[in-house]
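Below: one structure, written as structure tokens.
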Amino acid sequence: MSESRFTISPLNILLIVVTGLLLVLLWQLRSLLLVLMISVVLASTLAPIIRSAENLRIPRWLAVILVYLGLIAILTGIGLLIGPTVVEQIQRLFRKLPGYLDVLASLAENLALRFGITEPQAIDLINQIFDIQSLTTWTFRSSQLLLVRSLGVTRGIIDAVFTLLLSVLLSGYMLSGSKTLIKGLVSLFPKPWDDRLEAQVIPVSQKMGGYIQGRVLVSAILGIAISVGLKFVGISEFALGLGVIAAITNLIPFFGPVLGAIPALIVAIAQGGWVFLWVLLLFVVIQNVETYVLDPLLVGSSVRVAPLYQLLAVLGGAIVLGILGALIVPPWVAGASVLLENLYLKPKLEAEKKAAELESVAVEEKPSTLSVKR
């Protein structure tokens, strides 16, 4: 009876040591890895615009500069147009939040009394839930935890801003010199893998960029729809601010729409009457339109990643990097799905198909050979 033994050779020891050193090096360079991840996502998002500008015979470096200047101008214009109103409405919302929570606490107490819940412990629990100080403390701690995770690979807010600026500059360099960079990277791999990997650059870029483009477009549409809808249902005082909050949170798949609906529902409950039902109906309709119309049309058609994998990507990114991870990890999963499909699944399916064809041909030729022998 043969026994398999693990032999410790100098080569195995060297591989283990090199692997451990690489892991330590990657951990020490985690800030740089985050910059590269953000840069690749930004470059993939803007690549279609750069290609369109090139089709107009504009030099690539000039197209990159014009696109970035145009984006800065658009964002600055939007900020100047609606920024002061949004900030003023959100500040007013925070000032009125204690009164809204008091109304919610009274409604909850009345509802508890209707159901026969009169224990002092239950009433105290309701008051604690809607206590502005405890709620603010919980929100602050939760937000702090998410920010710490988002900035955990950096050393603070200043480094985070520097990381974002560096990512923008690096993405511009990637766009302007993409052909040279791609040639240099794929040349590190032996043939035929260099040609195979080079052929996957555009599909991967399209899928990663398509994810971000789709999410931004869907969030912008929903933000406008929610702002207009809230004006019609009677919450015009905070309509624009709540719409912007919903648009920003909607960038995070699955959980973002729920988070964006909470402030509007709190305001609606406090106002009472039919306002809450109308606001609830508004968000239900918009959520269904997003799920069954906008996401399949604007995101799913370009990404084609199973919802389960998208959910796991969001959860994994949020656990490791906080809010930032929930935004940038899903497009990387979408890009990895392209590599998996084109470099493994399709060749595997083609090999199985050829093997089945050869087997069927061999089975067909076998009876004819036997008849000749007879």
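If each residue's Cβ is checked for other Cβ atoms within 10 Å, how do 258, 244, 201 rank with the fewest at the top? It would help to have the intermediate numbers written out before the result.
Numbers: 258 13, 244 21, 201 18.
In increasing order of surrounding Cβ atoms, one gets 258, 201, 244.
Highest mean packing first, where packing is the average number of other Cβ atoms within 10 Å per residue, the peptides 311-318, 352-359 line up as 311-318, 352-359. Applying a threshold of 21 Å to the alpha-carbon distances of 179/207; 183/354; 207/354; 191/354; 191/348 flags 183/354; 207/354; 191/354 as lying beyond it.
Annotation: lysines with alpha-carbon distance below 24 angstrom to residue 231 (same-chain offsets under eight excluded): 96.
Tell me whether the stretch 14-60 comes out rounded, prolate or oblate; compute the Cα gyration tensor, take square roots of the eigenvalues as a ≥ b ≥ c, and use a/c under 1.5 as the rounded threshold. Taking the square roots of the gyration eigenvalues as a ≥ b ≥ c, the stretch 14-60 is prolate.
Readers should treat all values here as calculations from the given coordinates under stated rules, not as data from a laboratory. The structure displayed is predicted, hence computed values, not measured ones. Cβ atoms come from the backbone with ideal geometry, glycine included; neighbour counts cover every protein chain shown.
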